[in-house]
Amino acid sequence: MKNLSTILKRSAFALFIATQILFINAAAQAQPYQIINTQNSVVGGDLSKTVTTVQAGNNSLDRFLMTEVTKPVPNEAIRGVILLLPPLGGGFQSYETGENGDYNNSFVAFFARRNFAVVGYSQRVHGLTAGSCESGVIDCAPMANWGLQTVVDDATFIREQILLKYPDARIVVGGLSMGSVAAQALLSAHPNDYAGAIMIEGTLHDTSAAVQAANANFCAFFEAQLAGGIYYDGQSGPGFKFLNQLAQTNPNAPTMLPGFPPGITNHQAFVLALSAPPLSPLTPRPGYFNLAGNFLEDRLFFANEQLLHDNIAVFEDYTPTRMFRDLNCGLAGETTFNSNLSSFTGPVIMFAGGHGFGSAMLDTAQVMSSADVTINFKAEYGHVDYVFSEKHLHELEHPIFNWLVQKPLK
């Protein structure tokens, strides 16, 4: 009996040590989140804005912002929560720009003033300024792992924080472009966590063989970059912001930027880049453009140009290579982030432009066979015409609001 007792004690001790090792390893892999700072302010006259900085793990670069904007009303008066995920080159600030620089004209304010808590996520690249990685001032090696899974993990933490404040809240997730893609990734990973989804021109599911073939090449390119230690793009964002600035400050001067036809002006180059881009990782479908327009006429057909300029001005300077990789590999047919979309049973509202993700959004609606999908489709629109249209209130915000009160929050 004594020997048996000794064996049991040793076995229990060994099991305890093994459990501790497993716990430590799991904790290290989970990258525990820690709130390190919260700042409160007032925007739009009387809207409450809270910006929370969240640290993930031990590296100071692995941090992101969680922002909430609400009317100053009791929590019980909140109709629901809208969780906005950012487009590829932006953050929550992309939804805060409004006509004439007025916050009250923004997408965020529209819903906050109608008693929604609008919560947003700004990616880990937020606040990194051009050149800081290339110069070595900041070690940007952690970007190697910043992809769609990072967004899913960070957004899941944000959802937990939302429920701490609003325990009974119905949360609708959504976004523009990569924000729509990330919303689909969340629904695929956690189909029971959200009351609905807003998908504005972004998906990874495209049945076109031509699209899949083109994106297979882009996918291979970015996988090679990652293998070669290239973890970020620090050129595209600043370059496009520079063109955006020239189109405003010196629109009629002949452009000196490379890649454009000789003799065209800065403003024409701006219109051309948006309305007739070549097939590329960021314009990943034949016939795709961002905004309908004509550089020879030197105009965009539907967009409020000042709203567009103001939005581009707040783009991020860096994009992680893995985000490009996840987008293009998904469009090439990889199903890592959308294989479980059929399990989502809630309502979805989609906005599709014929020259954006267009038919791919319709393909995605077919995959979401258990969801109640409402589709808004404009054949003449490019990728972001819905958002920047002179009629965006009529074509985007009001349809979303009506859908919210009639379906997910009914």
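So here's what we get for this one:
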{"item": "Among the residues listed as ALA214, ALA224, ALA210, the single one being closer than 22 Å to SER280 by Cβ, without any contact (Cβ under 8 Å) to a residue 24 or more places away in the chain and either in a helix (DSSP H, G or I) or open to solvent by less than 10 Å² (accessible area, probe 1.4 Å) (or both)", "result": "ALA224"}
{"item": "Residue within the stretch 90-99 that is of a type in the set (A, V, I, L, M, F, W, C), modelled with pLDDT of 95 or more and loosely packed, with under 13 Cβ neighbours inside 10 Å present", "result": "no"}
{"item": "Unmet criterion (only one of (1) touching a Phe, Trp or Tyr at 6+ places or on another chain (Cβ under 8 Å); (2) free of Cβ contacts under 8 Å to residues at least 60 places away in the same chain) for ALA253", "result": "(1)"}
{"item": "Test: residue in the stretch 29-51 that is under 22 Å from ILE162 (Cβ atoms), open to solvent by less than 20 Å² (accessible area, probe 1.4 Å) and modelled with pLDDT of 60 or more", "result": "yes"}
{"item": "Residue that is least open to solvent (accessible area, probe 1.4 Å) [pool: residues in the stretch 124-181 that are assigned to a loop (DSSP other than H, G, I, E, B) and charged (D, E, K, R)]", "result": "ARG124"}
{"item": "Those residues of the stretch 229-254 which are open to solvent by 60 Å² or more (accessible area, probe 1.4 Å) and over 20 Å from PHE315 (Cα atoms), in sequence order", "result": "ILE230, ASN250, ASN252, PRO254"}
{"item": "Test: residue in the stretch 376-394 that is part of a strand (DSSP E or B), modelled with pLDDT of 95 or more, within 26 Å of ARG170 (Cα to Cα) and open to solvent by less than 10 Å² (accessible area, probe 1.4 Å)", "result": "no"}
{"item": "Residue satisfying condition, being free of Cβ contacts under 8 Å to residues at least 60 places away in the same chain, part of a helix (DSSP H, G or I) and closer than 16 Å to SER177 by Cα, within set ALA360, ALA365", "result": "ALA365"}
{"item": "Total residues in the stretch 55-80, condition surrounded by fewer than 18 Cβ atoms within 10 Å (Cβ to Cβ) and either within 12 Å of GLN34 (Cβ to Cβ) or in contact with a Pro (Cβ under 9 Å, 6 or more places away or on another chain) (or both)", "result": "4"}
{"item": "THR203 vs. criteria in contact (Cβ under 8 Å) with a residue 40 or more places away in the chain, outside any helix (DSSP H, G or I) and under 26 Å from ASP363 (Cα atoms)", "result": "yes"}
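The values are calculated or read from the model by the stated rules, or taken from the named source; none is laboratory data. Treat the numbers as computed from the prediction; the structure is a model and nothing was measured. Backbone-built Cβ (ideal geometry, glycine too); neighbour counts: all protein chains shown. The area values use the complete protein model at the heavy-atom level, side chains included, leaving out ligands, DNA and RNA. Shrake-Rupley method; radii C 1.70, N 1.55, O 1.52, S 1.80 Å.
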